[in-house]
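Have a look at the structure below before the remarks.
The values are calculated or read from the model by the stated rules, or taken from the named source; none is laboratory data. Keep in mind it's a predicted model, so treat the numbers as computed, not measured. Glycine gets a Cβ as well: all are built from the backbone with ideal geometry, and neighbour counts include every protein chain shown. Quick note on the areas: whole protein, heavy atoms, side chains included, nothing else; ligands and nucleic acids left out. Shrake-Rupley method; radii C 1.70, N 1.55, O 1.52, S 1.80 Å.
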Amino acid sequence: MATLARAEGETLAALLAAAPALPAWTRLRGPEAGLVMLRGRAGGDGAAFNLGEATVARCAVTMAGRIGHAWRLGRDLRAAELSAALDAALQDETLRPALEAAVIAPLAEAQRAARARTARRAAATEVRFFTLAAMR
Amino acid sequence: MYVAVKGGEAAIEAAHAWLAHERRGDPALPELTPEQIAGQLSLAVDRVMSEGSCHDRELAALAIRQARGDLIEAAFLLRAYRNTLPRFLAAEPLDTGAMRIRRRISATYKDLPGGQVLGPTFDYTHRLIDTAPRPAPAPPEREADGAAVPRVSAILAQEGLMAGEAPDPGGPVPDLTREPLPFPAPRALRLQALARGDEGFLLGLGYSTQRGYGNAHPFVGEIRVGDCAVAVTPPELGFEIEIGDVLVTECQMVNQFAGSATTPPQFTRGYGLAMGQAERKAMAMSLVDRALMARDLGEEVTAPAQDQEFVLLHSDNVEATGFVEHLKLPHHVDFQSELEKLRSIRARWEAERAAGDPARREAAE
């Protein structure tokens with residue numbers, strides 16, 4: 001669910017188009033946009049406080065008796081619905097391996113690579129202090 | 001007193017048509033896309049999300065375009081949009097300790113675990129306008145060791161020299177968007193108000209504490225900028241799920257505290273947290289947060305930045321704009337009554353002056 005929540009809507013749709021077709025599903029709730037209140041902690045580790053809201057899209061669907069859920073930041077309702085459908089399909093052991101390989105694995109790999117690239121860029125800006133030897 | 005006035009519709013329509021034309025600029029040039037604004041004016045987007053108190057890069061970019069780059073107007077638009085959406089629930093507090101760091105600096109320790117990471121900063125740039133910007137190649141990379149980046153405040157806390165944060169009391173988190181602000185305001189509400197407060201107002205207040213209005217001697221313990229996972233626990237699932245990441249900036253501002261009868265001398269910290277890469281905002285917020293602790297710490301409250309009502313009731317730029325700008329709305333009737341009152345006072349004054357004021361004569365004798 002975390003991998004799907006972080007996927008770009010267009011990327012997700014493109015991967016799904018190339019994957020084995022999903023069984024039909026029915027909407028249970030949404031897709032709909034709303035807000036979640038983001039919170040921080042005083043001092044980073046103290047009592048919680050409200051930082052401000054963020055938009056969120058959520059959806060629940062039913063597919064062959066299984067219920068799929070999706071929550072994701074932003075207002076991409078289509079991506080929320082596709083994610084909920086995938087969440088339902090992934091609970092089906094016969095569908096799971098093919099969908100994992102066609103959709104989840106490439107998304108997870110792209111997200112891992114993006115994180116690693118950010119970490120490497122940050123590492124390149126880490127200050128290396130050096131001390132000038134005193135002349136005697 | 002307000003009186004309904006009819007008329008002006010045609011003038012208003014014409015004014016809005018002209019506004020739309022001015023907003024668009026030269027029609028021979030392509031219109032800015034929200035993607036361009038989100039990508040190339042990303043710090044403006046961060047500020048609008050922060051002060052509009054709603055994280056949504058696309059909406060903030062649209063608001064900036066619609067507002068012709070007026071960021072307070074854009075924050076207003078975002079607040080108005082936010083009011084059309086239901087709030088589903090509150091997220092788990094962001095774990096800034098687990099932030100994926102883009103920038104992390106400390107002014108209190110040179111060498112520290114996790115290092116000094118500059119990230120994409122304006123610091124050390126020459127501030128010379130580049131009239132012919134060169135293409136930006138991909139930034140350099142170096143293998144990251146993936147080591148933990150502990151909080152600087154934890155290093156001082158180990159020695160017992162840093163005041164610990166009060167533990168989370170649990171229970172509902174107070175929310176100033178749902179209930180009026182009480183005074184004295186609890187820290188959670190102060191932080192919420194500061195987080196959505198105007199950067200310029202907080203910057204001025206923070207600066208005032210450095211210049212002697214509040215007796216602050218601050219050090220940047222740590223600034224960190226990076227991505228934090230947002231997690232929620234939807235009731236239909238009953239377990240925690242991650243729903244995406246947000247970029248945030250956190251500032252821990254270290255201050256001395258002389259101690260009191262019950263508390264030993266130690267460092268205290270002001271805290272700043274802002275959506276996006278917003279270092280100035282987070283630093284100013286942390287200075288003002290610390291100044292507002294004066295009352296809790298038993299320090300004398302003498303300066304504007306230490307005065308909760310002064311700070312918290314005037315930091316919201318959407319509210320402030322509303323009250324300042326309402327002055328331009330028609331006050332014709334109000335003003336007529338003021339005018340009549342002043343005319344009668346003036347007539348009396350002229351008459352007394354002509355007659356020679358008996359009260360003044362008596363006083364002179």
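All but one of (1) within 25 Å of residue B:48 (Cβ to Cβ); (2) free of Cβ contacts under 8 Å to residues at least 60 places away in the same chain hold for residue B:230; which doesn't? Exception for residue B:230: condition (2).
When you go through B:249, B:233 one by one, which is the residue that is surrounded by fewer than 20 Cβ atoms within 10 Å (Cβ to Cβ), within 30 Å of residue A:71 (Cα to Cα) and assigned by TED's automatic domain parsing to the domain that holds residue B:153?
Values: B:249 fails: surrounded by fewer than 20 Cβ atoms within 10 Å (Cβ to Cβ).
Just one listed residue meets the conditions, B:233.
Of A:74, A:43, all but one fail to be open to solvent by less than 10 Å² (accessible area, probe 1.4 Å), free of Cβ contacts under 8 Å to residues at least 24 places away in the same chain, within 21 Å of residue B:275 (Cβ to Cβ) and out of contact with any Pro (no Cβ under 8 Å at 6 or more places or on another chain); the exception is A:43. Within the range B:247-277, the residues that satisfy the criterion of being touching a helix residue (DSSP H, G or I) at 6+ places or on another chain (Cβ under 7 Å) and away from every other protein chain (no Cβ under 12 Å) are B:255, B:257, B:277.
Residue B:168 meets the stated requirement of being within 11 Å of chain A (Cβ to nearest Cβ) and in contact with a Lys or Arg (Cβ under 8 Å, 6 or more places away or on another chain). When B:288, B:225 are screened for being open to solvent by less than 10 Å² (accessible area, probe 1.4 Å) and in a strand (DSSP E or B), only B:225 passes.
Residue A:32 - would you say it is over 16 Å from the mean Cα position of the chain (by Cα) and either more than 30 Å from residue B:194 (Cβ to Cβ) or within 9 Å of another protein chain (Cβ to nearest Cβ) (or both)? Working first, answer last.
Working: over 16 Å from the mean Cα position of the chain (by Cα): yes; either more than 30 Å from residue B:194 (Cβ to Cβ) or within 9 Å of another protein chain (Cβ to nearest Cβ) (or both): yes.
Judged against the criteria, residue A:32 is a match.
When the range B:303-342 is filtered for residues that are open to solvent by 100 Å² or more (accessible area, probe 1.4 Å) and touching a residue at least 12 places away in the same chain (Cβ under 8 Å), only B:332 remains. Taking the conditions (1) part of a strand (DSSP E or B); (2) within 30 Å of residue B:251 (Cβ to Cβ) in turn, residue A:43 satisfies each one other than (1). Report whether or not residue B:97 is at pLDDT below 95 and either closer than 22 Å to residue A:47 by Cα or open to solvent by less than 30 Å² (accessible area, probe 1.4 Å) (or both). Judged against the criteria, residue B:97 is a match.
Scanning the range B:110-149 for residues that are closer than 20 Å to residue B:272 by Cβ and exposed (fewer than 15 other Cβ atoms within 10 Å of the Cβ) yields B:120, B:122, B:123.
Taking residue B:181 as the residue in question, decide whether it is in a loop (DSSP other than H, G, I, E, B), more than 10 Å from chain A (Cβ to nearest Cβ), surrounded by 15 or more Cβ atoms within 10 Å (Cβ to Cβ) and out of contact with any Pro (no Cβ under 8 Å at 6 or more places or on another chain). Yes.
If you check B:191, B:202 for being part of a helix (DSSP H, G or I) and either basic (Lys, Arg) or touching a Phe, Trp or Tyr at 6+ places or on another chain (Cβ under 8 Å) (or both), only one passes: B:191.
Screening residue A:17 against (1) open to solvent by 50 Å² or more (accessible area, probe 1.4 Å); (2) at the interface with another protein chain (Cβ under 9 Å from one of its Cβ atoms); (3) more than 30 Å from residue B:167 (Cα to Cα) leaves a single unmet condition, (2).
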